[in-house]
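The values are calculated or read from the model by the stated rules, or taken from the named source; none is laboratory data. These numbers were taken from a predicted model, which means no experiment stands behind them. Neighbour counts run over all protein chains shown; Cβ positions are idealised from the backbone, glycine included. Side chains included, ligands, DNA and RNA excluded: accessible areas come from the protein's heavy atoms. Shrake-Rupley method; radii C 1.70, N 1.55, O 1.52, S 1.80 Å.
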Amino acid sequence: MSSSERLGENNLPAIHGGRPLFSQRFRFIRPSLPPLESVMANYGPAFDNGLITNADVVAKFEAAVAERLQVQHCIAVSSCTSGLMMVQRAFGLTGEIIIPSFTFFATGHAARWNGLTPVFADCEADTWNVDPADVERKITPRTSALLIVHLYGNPANVEALSQIARRHNLKLIFDGAHAFGSQYRGRPVGQFGDAEVFSLSPTKLLVAGEGGLVTTNDATLAKAIRAMRNYGDTGSYDPEWLGMNARMSEFNASLGLAGLPDVDQRVRRRNQIAKLYTDHLASLPGLRFQSVHLSDVNTYKDYSIHVTPSRFGMNRDQLAEGLLAENIETKKYFYPPMHMQKLYKSFYDASRNNLKTTEEVTGGILSLPIYEALADSTIETVARAIHRLAQHAATRKEVSLSGRQ
Ligand SMILES: *Cc1c(COP(=O)(O)O)cnc(C)c1O
């Protein structure tokens, strides 16, 4: 019996000659935008009075975010990257900064723009967030800060990291690019560490077109960032800070403000989708999923599965190829990890710095389509595609084993 007969023609993966489960490709990502009328209702007055950047709507947006996140200060900036750059500069950081390697490279870029040496910490095998024990191991007399990511919106171990930062007198900064709408032990992400920085670009949870938010309970830092986003000038025409132009325009703030009321609903829908995927895929050998602490809320900015080739029957890249033949686009967020990238290789010394778990996890990571507008039936079909690829691989393995007897 050929493997196609055993599976039935209907079940033959497209990459092996079956019919694709989707007749055409659908989008991997799609930002959910608020109704244009609500954006324009915010923007209209700014447009009419001609104050179109860093004015009333920005201030209103900042106040609304600060209230939502229960944090004293929120400063809107041009991007998460510029926010991270300015926070590190304002703190006067020097020497080494500890960052995860399993993150988007903008995390590292911000440190490099400040001339800091990134020291990579390994991740945990289950949450995929940075491992606090490894963070502590990587501290040297030159370390000045920890820059930690809430990966995909899964809150990092805030408590353990805060204790480490206190114990070693280090600044603790969170790259919260994925985490607008996340909760750590029932409290909104945004109020932890010395500062948290969010991204409002179109792939993130709260979208302002472009933009970032710095949130902090440190009044001195807040004042510095307000100056720095405007060339460092506080009004005296004699700048106190080497700032830049990192202002947010009123239009971007209008978008962000209009999107704010929908964030919780969107996070709930993403959690439904994530659960649907996991429920449908959990029975397959060789797959594992990001684990989230019971009292935390993950935004699922991304939903990724992890493939162990020896048990699943094929590796991550083969699965991605198989899914593409079904017209299902996937991504490898975030592979290669930073310490394997051109700009960062030289900061990684394998003899001193073991990143085994990061390499194992990112080597198997595959991000599936997730956005609120995806129907349950689409998610189920994506899961079915993964099942039939796995089944085909298993059948072939059986055939080749029996052939050897
Ligand atoms: C998207 C992203 C950034 C950069 O955000 P921008 O607003 O585009 O500058 C930084 N860090 C992480 C982890 C990201 O995913």
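Just a few scattered comments:
- Index of the failed condition, Pro202 passing every other in (1) closer than 16 Å to Cys74 by Cα; (2) within 12 Å of the ligand (Cβ to nearest atom): (1)
- When the test is whether a residue is within 30 Å of Lys397 (Cβ to Cβ), buried (at least 16 other Cβ atoms within 10 Å of the Cβ) and either at pLDDT 95 or above or of a type in the set (A, V, I, L, M, F, W, C) (or both), Arg288 passes it.
- Some residue of the stretch 157-179 being crowded, with 24+ Cβ neighbours inside 10 Å, within 16 Å of the ligand (Cβ to nearest atom) and either hydroxyl-bearing (Ser, Thr, Tyr) or under 14 Å from His293 (Cα atoms) (or both): no
- Considering only residues in the stretch 324-340 that are more than 14 Å from Ala106 (Cα to Cα) and open to solvent by less than 20 Å² (accessible area, probe 1.4 Å), the one that is farthest from the ligand (Cβ to nearest atom) turns out to be Glu326.
- Count of residues meeting criterion [part of a loop (DSSP other than H, G, I, E, B), touching a residue at least 60 places away in the same chain (Cβ under 8 Å) and within 22 Å of Ala208 (Cβ to Cβ)] in the stretch 223-271: 6
- Residues located in the stretch 62-71, provided they are open to solvent by less than 20 Å² (accessible area, probe 1.4 Å) and not in a helix (DSSP H, G or I): Val71
- If you go through the stretch 114-148 and keep only what is within 16 Å of the ligand (Cβ to nearest atom), assigned to a loop (DSSP other than H, G, I, E, B) and open to solvent by less than 20 Å² (accessible area, probe 1.4 Å), you end up with Leu116, Trp128, Asn129.
- Scan of the stretch 72-113 for residues that are in contact (Cβ under 8 Å) with a residue 40 or more places away in the chain, more than 10 Å from the ligand (Cβ to nearest atom) and open to solvent by 10 Å² or more (accessible area, probe 1.4 Å), ordered by number: Gln72, His73, Arg89, Ala90, Phe91, Leu93, Thr94, Gly95, Glu96, Arg112
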